[in-house]
Each structure stands twice: as structure tokens, then as C-alpha cells.
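Following: one structure in C-alpha cells, then a few remarks.
The values are calculated or read from the model by the stated rules, or taken from the named source; none is laboratory data. From a predicted model like this one, the values you see are computed outputs, not experimental measurements. What goes into the accessible areas is simple: the full protein's heavy atoms, side chains included, and nothing from ligands, DNA or RNA. Shrake-Rupley method; radii C 1.70, N 1.55, O 1.52, S 1.80 Å.
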Amino acid sequence: MLPGAGIRPDNVAALLEATGCHQVHASLSAWRTDPTGSLRPAVTFSGSDQRAPGYPGTDPAAVMAMRAVLDQWKGAHP
């Protein structure tokens, strides 16, 4: 079993404890502003005339926080 979806640094330790799993799948994404929107407003990638204000992307701070929690959890569960 590989838990995934909605896993964040604030809930991963409890999830591992509850499931007995030793690995997880997480996107750790955050919404990013698309800087090209103001530079080329006529260009869209959504297939419509409406420009999305941004896009989801991996959040480096969330990745570092998740790694810290997982390292701490692993140290307590050798």
C-alpha cells in the first residue's frame, strides 16, 4: 500500500503511525503566479481565451518540511 493524496508535513507522521506504511506519495504543490501573463496576455495554454492566474507547482518549503518530519519519524522508528 502506498498512501497518497492530501499528504502534507502536518499529517504525514500520523498517517504513517495509523497505516504502518514506510513510504508515501505526495505532490506537495502550491499555487504559483504565472509571470508570463502580463508579458504576453494574448498567449494562453488552457485552450480557452481566459488566462489562468497561475499554475500548481512543487513547493520547495513543503518538500523540506516533509523531509524533516520523515527523518524525525524514521529516527523514532528504526
Restricting the range 28-39 to residues that are open to solvent by 80 Å² or more (accessible area, probe 1.4 Å) and at pLDDT 70 or above, the residue that is farthest from residue 7 (Cα to Cα): 39
Residue among 22, 77 that is open to solvent by 90 Å² or more (accessible area, probe 1.4 Å) and modelled with pLDDT under 90: 22
